[in-house]
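Read the structure below first, then the notes.
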Amino acid sequence: MALPTPTTLGLNKSFGFGDRLGLATPGHLAAMRKYGQGFSGIFAQQSIREMTRTQRSPQEIILAAQKALAAAKYKAPWGADADHLKTIEDIDKTAAAGFTFFTLDPSPFVNNKADKLAPKALADEVASLLKDKIFPKNWDAKYLKGSYEVAGTELKFEKTGLHRAAVKYGRAINQVEALFKHFEKTLNRPYEIEVSVDETDTPTKPLEHLFWALELKRRGIKNVVSLAPRFIGDFEKGIDYKGDLKKFEKQLRVHAAIAEQFGPYKISIHSGSDKFSIYPIIGRVCGTRLHLKTAGTNYLEALRAVVRVDKDLFGEIAAFAQTRFAQDKQSYHISATDAGVAALKKTKAKDFEKVYLNETTGRQLLHVTFGSTLTIGQTAKGRLFKDAILEILNNHKDLHSELLEKHLGEHLRLLNLG
């Protein structure tokens, strides 16, 4: 049986399905067929961090999606997203496996202190950028001339704001350029790039987004099909959006207009799982220039299947996750606390699904500890949790698929309401 291969999707509206266990594609496909009109599916999506934490290779991730799509006789174009790549080594590993969509994450090069630097410190940082040839001499002159009309809003750079944007993002933009040049040298097939600016301490201001767009163009960075700003409000893992919906929509309109006017490229929504309150807004504002990523919520639906089949196993997983929470939460933006997690120990088995999979603390606990659960976690009898989970999912494929179709389908349905 010939296996289907991923391809580039260009500016088509797209939806990323993260699959940490390799068994979710049938459910994702069911959701797409029922609710995903107008979307192209990215059925293989995994970040380098997730690959490390689940001990899955890029080849395994592609192959799992290929086999499921072949079995379903799926013929439409589909994509494969190597997410949050930071290094040339990350690119080479995922490119060799056949990924077609590469999300570049230059967050280690972002200066999150730029917004609060005193004038002298800011000037010193700008001088350092020039010394290191991040920008050419007199680079700021063209930015300080005139203004830009975007979505009925006038965006105009003034010197201090421009310099803060340059200090905040200049080295990150330079890193994206370096990674792009590596693609140009080494990858002799179609590929597309997403630039991720979402993992920063502060939201991406419209002027900062405009600065990114203009710099990408000035530097000749091609094949950029999407950019992920950090939006106002909170995009915590596994739960709905926290913030003012009207303010979110107002700023999203400017971001979407910048992407259309100075790209064009899609707006990408990271930590996009379970943000039900804003999906209609996103769909309405972004239209076809949209990419949304999901990841951890797919794993949680797998655990929903587990709790319905074997509450004892689920109880052991939940107890183990509590021992790992303090350490595993470090790289995540969540509101669940150590005290809140400790209180979950009192949960009765009959309430497992409600407390752990429908409420904030339980969902975030299970979300951030997935790596430990799937690699080192064991039952009281010494069996790896991962093996026990996979056995249940393989023995209850219809249940697993049904849960994914319902949950991911609701994401797609609400996005299409817009």
Exercise for the section: Could you identify the single residue in Ser196, Ser147 that is hydroxyl-bearing (Ser, Thr, Tyr) and surrounded by fewer than 21 Cβ atoms within 10 Å (Cβ to Cβ)? Expected result: Ser147
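Can we say Ala326 is surrounded by 20 or more Cβ atoms within 10 Å (Cβ to Cβ) and either at positive phi or small (Gly, Ala, Ser) (or both)? Step through it out loud before you land on a result.
Details: surrounded by 20 or more Cβ atoms within 10 Å (Cβ to Cβ): no; either at positive phi or small (Gly, Ala, Ser) (or both): yes.
When the stated conditions are applied, Ala326 does not pass them.
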Exercise for the section: Please determine, by comparing only the residues of the range 1-39 that are surrounded by fewer than 21 Cβ atoms within 10 Å (Cβ to Cβ) and of a type in the set (S, T, N, Q), which one is nearest to Leu393 (Cα to Cα). Expected result: Thr5
Problem - Matching residues, the range 68-101, being in contact with a strand residue (DSSP E or B) (Cβ under 7 Å, 6 or more places away or on another chain), free of Cβ contacts under 8 Å to residues at least 40 places away in the same chain and surrounded by fewer than 22 Cβ atoms within 10 Å (Cβ to Cβ) - result: none
Problem - Residue that is surrounded by fewer than 19 Cβ atoms within 10 Å (Cβ to Cβ), of a type in the set (Lys, Arg) and in contact with an Asp or Glu (Cβ under 9 Å, 6 or more places away or on another chain), where the choices are Lys246, Lys275, Lys242 - result: Lys242
Exercise for the section: For Lys133, state whether it is assigned to a loop (DSSP other than H, G, I, E, B) and free of Cβ contacts under 8 Å to residues at least 24 places away in the same chain. Expected result: yes
Practice task
Please enumerate the residues belonging to the range 375-391 that are assigned to a helix (DSSP H, G or I) and surrounded by fewer than 21 Cβ atoms within 10 Å (Cβ to Cβ).
Solution key: Thr375, Lys386, Asp387, Ala388, Leu390, Glu391
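The rows are residues; the columns are (1) in contact with a Ser or Thr (Cβ under 7 Å, 6 or more places away or on another chain); (2) more than 27 Å from Phe248 (Cα to Cα).
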{"residue": "Lys116", "(1), (2)": "no, no"}
{"residue": "Asp124", "(1), (2)": "no, yes"}
{"residue": "Ala166", "(1), (2)": "no, no"}
{"residue": "Glu192", "(1), (2)": "yes, yes"}
Practice task
Pick out the one residue from Pro58, Pro108 that is under 19 Å from the mean Cα position of the chain (by Cα), loosely packed, with under 14 Cβ neighbours inside 10 Å, under 28 Å from Lys222 (Cβ atoms) and in the same structural domain as Leu210 (by TED's automatic domain parsing).
Solution key: Pro108
Completion exercise
Wholly inside the range 247-346, helices (runs of 4 or more DSSP H) that include 1 or more residues that are among the aromatic types (Phe, Trp, Tyr) and in contact (Cβ under 8 Å) with a residue 60 or more places away in the chain are 279-286, 296-309, 311-328
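The values are calculated or read from the model by the stated rules, or taken from the named source; none is laboratory data. Nothing here was measured: the structure is a model prediction, and the numbers come from that model. Cβ atoms come from the backbone with ideal geometry, glycine included; neighbour counts cover every protein chain shown.
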